[in-house]
1. Checking the structure you have, find out if any residue of region 107-130 is in a loop (DSSP other than H, G, I, E, B) and modelled with pLDDT of 80 or more.
2. Which count do you get for residues in region 149-201 that are in contact (Cβ under 8 Å) with a residue 60 or more places away in the chain and out of contact with any Lys or Arg (no Cβ under 9 Å at 6 or more places or on another chain)?
3. Counting just the residues of region 150-181 that are modelled with pLDDT of 80 or more and of a type in the set (Phe, Trp, Tyr), which one comes out farthest from Ile140 (Cα to Cα)?
4. From the residues in region 5-33 that are of a type in the set (Ser, Thr, Tyr) and closer than 16 Å to Asn128 by Cβ, which one is most open to solvent (accessible area, probe 1.4 Å)?
5. List the residue pairs whose Cβ atoms are under 6 Å apart, where the first residue sits in region 80-108 and is open to solvent by less than 30 Å² (accessible area, probe 1.4 Å), the second is at pLDDT 95 or above and among the charged types (D, E, K, R), and the two are 6 or more positions apart or on different chains.
6. What about Val99, is it at pLDDT 75 or above, in a helix (DSSP H, G or I) and not charged (D, E, K, R)?
7. Out of His26, His46, report the one residue that is within 24 Å of Pro137 (Cβ to Cβ) and either modelled with pLDDT under 90 or in a loop (DSSP other than H, G, I, E, B) (or both).
8. With the requirement that a residue be open to solvent by 40 Å² or more (accessible area, probe 1.4 Å) and either touching a Phe, Trp or Tyr at 6+ places or on another chain (Cβ under 8 Å) or within 27 Å of Lys187 (Cα to Cα) (or both), what does region 153-167 give you?
Amino acid sequence: TLKIPFLYLNPSLPEISNTYNPVFTHPKTDLNLLTDRVFRAFQITHEHWGPLGLDMLRFLIRALYGTGKQFNLADIYICLETKEARECLFRETNDEGAVKELKRKFERAQTSREDAFAQFKVKLSELNTPILTDYNPDIIPEALLKTPSILCVSLPESYKTLSYGIGNMLMEDYKVGVAKRFSETDKNYPTSSIFLDESQYFLNPKVKLS
């Protein structure tokens with residue numbers, strides 16, 4: 001008989017939950033797409049600090065990617081929060097352009113009376129959970145789409161920010177994985193299923209329930 005892998009994701013039960021890293025990368029990762037996808041999950045809408053946060057996240061992800069190592073949301077938060085972590089990142093990355101932009105942005109932010117990234121850091125801290133910080137996560141949607149698998153996701157309403165963030169990032173990951181199929185010649189796809197609790201919050205008019 002065929003054994004189909006079963007995975008379970010639930011922020012309220014980290015002791016039995018599988019892990020998922022929303023910023024997991026590979027050599028062909030589109031960093032701009034990754035940045036936009038993650039930032040949308042934060043729901044930062046401020047007309048000024050929103051674009052600033054998006055720009056900062058874009059260069060931070062570029063710099064972290066330039067180290068050649070996997071990273072997670074906690075690493076992004078630490079780099080925003082501490083100068084020591086940023087200096088370590090600047091030494092290790094090979095993306096000099098990202099380093100130059102980050103130094104300029106942090107210098108400008110220090111002259112402001114407000115913390116330009118306060119709202120962004122709050123959102124990041126709310127998404128800091130063990131199930132999202134694994135450098136070698138169990139759940140990689142693009143990989144799951146290529147093998148028979150079942151993923152069950154439970155997102156309790158009591159974990160509002162965390163549940164919303166996970167649901168949106170996970171659905172975006174699956175949509176990116178499915179979109180890549182259009183350029184593939186082999187159309188014999190295995191059955192990969194995802195059961196997402198309260199899925200109506202994470203769908204858009206282009207994604208239909210079936």
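1. yes
2. 15
3. In this case the residue turns out to be Tyr164.
4. Looking at residues that are of a type in the set (Ser, Thr, Tyr) and closer than 16 Å to Asn128 by Cβ, I get Ser12.
5. Pairs found: Ala98/Arg62.
6. Considered against the rule, which asks whether it is at pLDDT 75 or above, in a helix (DSSP H, G or I) and not charged (D, E, K, R), Val99 comes out as yes.
7. Result: His26 is the single residue among His26, His46 that is within 24 Å of Pro137 (Cβ to Cβ) and either modelled with pLDDT under 90 or in a loop (DSSP other than H, G, I, E, B) (or both).
8. Answer for region 153-167, where residues must be open to solvent by 40 Å² or more (accessible area, probe 1.4 Å) and either touching a Phe, Trp or Tyr at 6+ places or on another chain (Cβ under 8 Å) or within 27 Å of Lys187 (Cα to Cα) (or both): just Tyr164.
The values are calculated or read from the model by the stated rules, or taken from the named source; none is laboratory data. No experiment lies behind these values; they were computed from the predicted model shown. Using ideal geometry, Cβ is built from the backbone for each residue, glycine included, and neighbour counts are taken over all protein chains shown. SASA here: full protein model, heavy atoms, side chains in, ligands and nucleic acids out. Shrake-Rupley method; radii C 1.70, N 1.55, O 1.52, S 1.80 Å.
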